[in-house]
Amino acid sequence: MENKIKIRLRLVIIKEDKLLAYYDSMDDYYFYIGGKLEFRETIEDGWKREIKEELGNDVEFTFKKILYVRDFILKEKNEHSLELFILGDINKFMEIDERPDSEFDGKKWPKWLDLNNLPDNLYPKPLSKKLLTDYKAGFPREGEYIGRMDSND
């Protein structure tokens, strides 16, 4: 088995004290919008594709900066990913809330979460507290390495 490191993009989109996340109703958890960077795809091409796939062709993402870099390692699945958490904005707001994703038979959808009352099932869990603190400080850092946060964190 060949060992490869995947690069994943996670988009941090905040409007009016609400964080846009994706809800998985099959496993009852939220995660940051985004996905795997494809081979020979730039980071910009990746976020443009992920936005269209997860939020629709009418949604445009505006890049602000890379907030965090983290390691994600699942030894039991022989998986190692490097994740980039990218701060940005989109041209839509509540009209995309809970719009079912046809790719997953309507069992996953985007959801605006109250930033001051984030659910316990938003992954990665340790990031929620840091994100809130950094948001209140105006996201003063860029490209901060936040280390390893495993799936059960």
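Throughout, read-outs are computed from the coordinates displayed, never taken from laboratory work. All values derive from a computational prediction rather than experimental measurement. Note: ideal-geometry Cβ built from the backbone for every residue, glycine included; neighbour counts use all protein chains shown.
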(request) Compute the Kirkwood hydrodynamic radius of the range 89-153, taking the inverse of the mean of 1/r over all pairs of distinct Cα atoms, and give it in Å to one decimal. (result) 14.2
(request) Counting only trypsin sites (Lys or Arg not before Pro) that are in a DSSP loop and have at most 16 other C-beta atoms within 10 Å, tell me the longest site-free stretch of the chain. (result) 41-106
(request) Calculate, axis by axis, the spread of Cα positions in the range 49-132 along the three principal axes, and write the results as whole Å, longest axis first. (result) 37, 29, 25
(request) First check a/c for the chain, with a ≥ b ≥ c the square roots of the eigenvalues of its C-alpha gyration tensor; if it is under 1.5, answer rounded, and if not, answer prolate when a/b is larger than b/c or oblate otherwise. (result) rounded
(message) Given an 8 Å cut-off on Cα distances and at least 6 residues of separation, report the relative contact order of the chain as a percent.
(response) 30
(request) Pull up the DSSP beta bridges for the range 5-148 and report the antiparallel fraction as a percent, rounded to 5. (result) 65
